[in-house]
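Derivation of every value follows stated rules applied to the coordinates shown; laboratory data play no part. Everything quoted here is computed from the prediction, not taken from an experiment. Cβ coordinates were reconstructed from backbone atoms using ideal geometry, including for glycine residues, and neighbour counts include every protein chain displayed.
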Amino acid sequence: MHYLLFYEGGDGYVERREPHRAAHLAHARAAVARGELVLGGAYANPIDGALLLFSGDSPAVAERFAEADPYVQNGAVRRWWVREWTTVVGPDAAVELPPQFREPA
């Protein structure tokens, strides 16, 4: 399954995250190496939060990431939450559609 980790940064997010950016990126790269984090990045225009896509058996993989993230631990992220995402289209979709909705061969 896929899980989305939402970060709410709010005002001053760019400045608050800067001292912890290297440690956050190392944390993210380790999650990628473990096959947990698929994609992640900050919102643009304005940069006031971020979205990270995880793959795993439960939301715990994304929750553990957030709890150990230097951005969260040091207050750069004001609030975070995880949502399950039912992916059905694309090469990495987690749910197979019924035959009548699949792309013709």
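FRET efficiency for the pair L51 and R102, taken as 1/(1 + (r/R0)^6) with r the Cβ-Cβ distance and R0 = 25 Å, rounds to 0.35. Simple spin-label estimate for L39 and W85 gives 0.7 nm between the two label positions (7 Å along the Cα-to-Cβ direction from each Cα).
Computed over segment 2-101, relative contact order equals 41 percent, with contacts defined as Cα pairs under 8 Å that lie 6+ residues apart.
Packing-based ranking of 51-61, 93-103, 20-30 yields 51-61, 20-30, 93-103, ordered from highest to lowest mean Cβ neighbour count within 10 Å.
Here the Kirkwood formula puts the hydrodynamic radius of the chain at 14.7 Å, using every distinct Cα pair.
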